[in-house]
Amino acid sequence: MILLRKMGRDLLGHKAQFLSLFLISLLAVGFYTGITAEYRGMELSGRDFFEETNLATLWVFGEDFTEDELEAVAALEDVEQVERLLLYETQARLPDAPALTVRYREGDEINRLLVWEGAAFVPDDERIWLDLRFAEARGLTVGDSLSFTVAGTSVDAQIAGLVYSPELVYPELGDSLSPDYGAHGHVFTGIGNLPQPDAAALAEAAATLSATTATQGDATQAAGTEGAALGSRGFQPPFNQLVVYAPAAIEHQYSLEEDVEGVLGSRAATILVQENHPTASTLWAECEQHAIFANAFPVLFMFIAVLVMLSTMSRLVSKQATLIGTMKALGVQRGAIAAHYVGYGFLIMLAGGLLGAALGPPFVPELFKPSITRFFTLPYWQTYREPFFFILPFVIALAGALVSWLSSRRILAQAPAEAMRPRAPREARHSPLEALPFWKRLSPSLQLTERDMRRNKLRSVMSVVSSMGVSALLLVAFLSWSIMDEMVSWQYSTINNFASRATLAEDGDAGELRRLTERYEALPLMEQAIEIRLPASPASKVTGTLQAFESTGPEGGEAAGNGSEAGEAENEALLRVTDPERRIRSLEDDQVLMSYGVARNLGLGVGERFEWHRYGEGGWHEATVDAINRNPLVWGLTMTPDTLEGFGIDFEPTALLSARMIAADEAGVQSVVSAEEISAGMDLMLEAMVMMASVMIAVAVLISIFTLYNLSTLTFSEMERELATLKVVGFKRRQIVMLLFAQNLILSVLGFIPGIPLGWKIADLMFNAQGGTLDMATLLIPSDVLLTLAVVWGLCAVVALLFIRKVARLDMVGSLKAPE
Amino acid sequence: MIRFEKVSKIYGQGEARTAALDDASFEVESGSFVVVLGPSGAGKSTLLNLLGGMDDATAGAILVGSLDICTLNEKQLTRFRAESVGFIFQFYNLIPTLTVLENVELMRMVKRSCLPAAEVLDQVGLGGHLGKFPSQLSGGEQQRVSIARAIAKRPELLLCDEPTGALDSDTGVHILKLLQDIARTHKTTVVIVTHNAAIAEAADVVIRVRDGHIESTTREPAPCDITEVRW
């Protein structure tokens, strides 16, 4: 009990050091548990939702799927259920004519709808169910009517319910890259409600639908092409999608895909496995990215905390060596004394950790919720807690205890008389630096700093290592910000050089396209969803986008193909292509450019062969990687219209790019977005990451201040007598503070040097593991390196300022008389 | 000239009030070799600390020449210590990470017109130890470095708190001889606080302190050489 009182008083006596350890522990555990609670909560909510609604294991796109085909797939091993659907793309009769995907369903066993409001989904009901976010954005509710046209037949259906669909967790981002829930609705209804139109109307609809626009990762695109079947039967619904539910095959989705291909052959135009469906892949990618933040940084924080604890305890124990000897001489058990000193580290780290575990999970997830819920639609956001959150503080406390024990074991092992004997001051030694010609020109204060650092190696090493951790942490945080900025600038200044982008209406004709192109001096662009695979291992398939547009490079120009400086034509181009070094290059005929991300994903280099096809296309095209194209948003292939036609595919533009603003009401134009809107959408998309970076910067700065303050306190305490002497002989307060500042500055630079590659490596790991299809080049941006150095030095200055009062209050008499 | 006028240093209040120095008055001439004598806890170190501007008096005036240091603020006191005072401590208080030469050169940072460090160290007999660290020197040698550091500033006042307290008698004599010579040759007022009464024989002025009061101030018209003192 008495020792506990002593501990309490010692803690108060060294409150600055112990408070900073408490706070570092709090921040580390709070950050880890908070981010873990956030991403695991999101992961859990997603898994539960997918499980509750039987998210399909495979989506098969094709034409006129028959009952026999359904049964053949259903008979495959591991397959529990198969359902057929007809997806139909149309527009709602609402202001701005939003796009509408109507899903005519046979049942509701796979990709079940979770009703938020209204009646449960019944396939036989003549009413429709509407996705909740579209309904909210459009102010629609249960009982309202929604009108649209299906193959020439006008439909006016009553809304029976507002629903969450497991296929719609992640929205189509459209041209603006930001979710606009009011721009695209999803209707769910029974297949019995499919109008039975006359043959002529169906044939016309088929022609329109076949010119569908495919966008990256959008699995519904193949739907439109199947409209052709509508007109040719008595009336058999032309199902264009099979959804397969095989939870037992979730670990081997690709082998199930092969089985389905084996059964359906070329009837399966495209098969999408669950892990590639955007509804799942983007959610898991987001979780994965947050997991890296949650796991990497607290380890760094704890590492710093342990180092600070080691130096603090070493200092405390060596100051109390006489006391330890006295206690031993008085008969106090060595174990009791050891437990007493081990208790400091244990209690401080435990207290900070427990508070962090209590505060992190409820508060940190709330920071991310606004940006996450803007992109992800889940019916519930679960709060995740696990016992480890409260075990972790004990683990950390044990680490603190171990460090305390390591710091005290040498003195504890000594005989009482030896422990009580005053320590001779540590010897100073000449350093090799003194042989350097500039040494003598250094001021004595700098010489003093250099020798003091060498004399107190433990403290110096702790400072250097802490500074390394702090520098790495700050650099990652700054890089997170600026890499995102760089990406936006790369995309919207270097690659995109247009003022507006018009998505062409599906029913537009060649005459309108020509007129628009001439009128706006526009660049026609074709984009379509594709799959790419390696010939040797067909299972290693990636989904992506085909991008085709007219080459703007000089004919046989110098810039061609070699990634050298771009010609004038490229600089004036509305859409540019950049090489892996992000320099503008030309796009030549007969060249297939593969995006950097896909090439890396498939392990392909220039000159290597691969296969690709469009969604909805049966066979595969063979091609060679002629060059690598780096683009943050393009994940797939880029080529000229001529090259595309060389593969036997017609160049059918889906968008127009212009340096002028294209009028949205032009005939043949479905929608128009400005470059600014696209850029703003991108900013929104990166909001969660910006938030993460901001939280990290805040935590990094706080930890840096605590760490530097702590180490400076140790320096001050160890140099107290020397500082008092300097004060007595007439050194000004500013000179003494500058001495401390200089030491911190030097040590922080020594830590900063290895901290930069460390931070860069962590950032690269983070951005490369971010999943998804964004290619974020992890550049070591000099301004961020300088900013990191400035912040580290700035913090040294702040800490030095905090010491001004301490120096003013330095008791000259007390400090100098202490040895007596 | 140094003059203490009714100087007090009081700690605490009410019943806890302790007078480390109470109503102390004395006067000594510039260039004197002054010895302050008294038992432990008498108030001698307090007197020295007040005189050196290391501590604030509760009442009274301390005049060094025409300057009343009790009226100075912290900045002015720092300048006073830098310009006018040299300190020598019982445990030397050298900077352990600076060499002998650097410890003395350090004074150039507080007073530009310092004497050349090597020259001063030569004067105190340490010309051959310039590159050594304090821990490589004996106690007497360290105290010489401390003296060299103090006199390099050419102070008006050299304040010595038990300068021989940690030294053997022979070494102590050498150090005191050095201090006496400094007072004689540089016309520096040297004030030595000690409880070794024998030193009084070599002093120009002896101030005896007891229980915070100045018991007596005596002037020796013909002080003996320090080497003649019977230890």
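With the condition kept exactly as written, say whether any residue in the stretch A:492-505 is closer than 21 Å to A:G759 by Cβ, buried (at least 22 other Cβ atoms within 10 Å of the Cβ) and not acidic (D, E).
no
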So A:S493, is it in a helix (DSSP H, G or I), assigned by TED's automatic domain parsing to the domain that holds A:I662 and small (G, A, S): yes
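Okay, residues lined up against (1) at pLDDT 90 or above; (2) closer than 23 Å to B:A150 by Cβ; (3) not hydroxyl-bearing (S, T, Y):
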site: B:A197; (1), (2), (3): no, no, yes
site: B:I207; (1), (2), (3): yes, yes, yes
site: B:D211; (1), (2), (3): yes, no, yes
site: B:T218; (1), (2), (3): yes, no, no
Suppose we filter B:G12, B:G60 for residues that are of a type in the set (G, A, S) and free of Cβ contacts under 8 Å to residues at least 12 places away in the same chain; which single one remains? B:G12
Being touching a residue at least 24 places away in the same chain (Cβ under 8 Å), among the hydrophobic types (A, V, I, L, M, F, W, C), surrounded by fewer than 16 Cβ atoms within 10 Å (Cβ to Cβ) and within 16 Å of A:Q414 (Cβ to Cβ) is the requirement here; does A:A321 meet it? no
Scanning the stretch B:1-20 for residues that are of a type in the set (K, R) and in a strand (DSSP E or B) gives B:R3, B:K6, B:K9
With criteria (1) in contact (Cβ under 8 Å) with a residue 24 or more places away in the chain; (2) over 19 Å from the mean Cα position of the chain (by Cα), B:V7 comes up short on (2)
Filter the stretch A:570-584 down to the residues that are modelled with pLDDT under 85 and crowded, with 23+ Cβ neighbours inside 10 Å, then identify the one that is nearest to A:F498 (Cα to Cα). A:A573
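Please note which helices (runs of 4 or more DSSP H) are completely contained in the stretch B:21-135 and include at least 3 residues that are within 30 Å of A:S431 (Cβ to Cβ). Please lay out each step first, then the result.
Working: elements: B:44-51, B:74-84, B:100-105, B:117-123.
Because the criterion is at least 3 residues that are within 30 Å of A:S431 (Cβ to Cβ), the helices (runs of 4 or more DSSP H) in the stretch B:21-135 that meet it are B:100-105, B:117-123.
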Does A:L12 satisfy being under 21 Å from A:L350 (Cα atoms) and more than 35 Å from the chain's Cα centre (by Cα)? yes
Could you figure out which of (1) more than 32 Å from the chain's Cα centre (by Cα); (2) modelled with pLDDT of 85 or more isn't true of A:D509? (2)
Somewhere in the stretch A:321-332, is a residue hydroxyl-bearing (S, T, Y) and in contact with an Asp or Glu (Cβ under 9 Å, 6 or more places away or on another chain)? no
Kindly indicate which of A:V488, A:V470 is β-branched (V, I, T), surrounded by fewer than 22 Cβ atoms within 10 Å (Cβ to Cβ) and more than 14 Å from every other protein chain (Cβ to nearest Cβ). A:V488
Just give me the residues in the stretch B:100-129 being over 25 Å from B:L50 (Cβ atoms) and in contact with a Lys or Arg (Cβ under 6 Å, 6 or more places away or on another chain), in sequence order. B:V100, B:N103, B:V104, B:C114, B:V124, B:L126
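Quickly run through the stretch A:245-270 and pick out the residues that are acidic (D, E) and farther than 14 Å from A:A74 by Cβ.
A:E251, A:E257, A:E258, A:E261
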May I ask you to list the residues in the stretch A:432-467 that are touching a helix residue (DSSP H, G or I) at 6+ places or on another chain (Cβ under 6 Å), among the β-branched types (V, I, T) and more than 10 Å from every other protein chain (Cβ to nearest Cβ)? A:V464, A:V465
Tell me yes or no: at least one residue of the stretch A:27-36 is touching a residue at least 12 places away in the same chain (Cβ under 8 Å), outside any helix (DSSP H, G or I) and not charged (D, E, K, R). no
Checking B:P163 against (1) of a type outside the set (G, A, S); (2) more than 14 Å from the chain's Cα centre (by Cα); (3) buried (at least 21 other Cβ atoms within 10 Å of the Cβ); (4) within 30 Å of B:C224 (Cα to Cα), which test does it fail? (2)
The stretch B:118-140, residues that are more than 10 Å from every other protein chain (Cβ to nearest Cβ) and either touching a residue at least 24 places away in the same chain (Cβ under 8 Å) or within 15 Å of A:K440 (Cβ to Cβ) (or both): B:A118, B:V120, B:L121, B:Q123, B:V124, B:L126, B:H129, B:L130, B:L137, B:S138, B:G139, B:G140
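Could you say which residue among B:T78, B:T99, B:T58 is among the polar types (S, T, N, Q) and more than 10 Å from chain A (Cβ to nearest Cβ)? Lay out the reasoning, then the answer.
On the way: B:T78 fails: more than 10 Å from chain A (Cβ to nearest Cβ); B:T99 fails: more than 10 Å from chain A (Cβ to nearest Cβ).
Exactly one of B:T78, B:T99, B:T58 is among the polar types (S, T, N, Q) and more than 10 Å from chain A (Cβ to nearest Cβ), namely B:T58.
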Among the candidates A:L602, A:L644, A:L656, A:L633, residue that is among the hydrophobic types (A, V, I, L, M, F, W, C) and more than 29 Å from A:Q241 (Cβ to Cβ): A:L656
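Return yes when B:A150 is under 27 Å from B:D23 (Cα atoms), in a helix (DSSP H, G or I) and in contact with a strand residue (DSSP E or B) (Cβ under 9 Å, 6 or more places away or on another chain) and no when it is not.
When the stated conditions are applied, B:A150 does not pass them.
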Complete set of residues in the stretch A:643-677 that are of a type in the set (V, I, T), out of contact with any Lys or Arg (no Cβ under 9 Å at 6 or more places or on another chain) and either outside the structural domain of A:D507 (by TED's automatic domain parsing) or closer than 25 Å to A:V488 by Cα (or both): A:T654
Find the residue count for the stretch B:10-24, including only residues that are surrounded by 11 or more Cβ atoms within 10 Å (Cβ to Cβ) and among the basic types (K, R). 0
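Going through A:L194, A:L202, A:L130 one at a time, which residue ends up being surrounded by 22 or more Cβ atoms within 10 Å (Cβ to Cβ), farther than 28 Å from A:E676 by Cβ, at pLDDT below 90 and outside the structural domain of A:T282 (by TED's automatic domain parsing)?
Of the residues listed, the single one that is surrounded by 22 or more Cβ atoms within 10 Å (Cβ to Cβ), farther than 28 Å from A:E676 by Cβ, at pLDDT below 90 and outside the structural domain of A:T282 (by TED's automatic domain parsing) is A:L202.
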Being surrounded by fewer than 24 Cβ atoms within 10 Å (Cβ to Cβ) and part of a helix (DSSP H, G or I): is that true of A:E51 here? yes
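The values are calculated or read from the model by the stated rules, or taken from the named source; none is laboratory data. As the structure is a computational prediction, the values presented were derived from the model and not from experiment. Every residue, glycine as well, gets a Cβ built from its backbone with ideal geometry; the counts of neighbours run over all protein chains shown.
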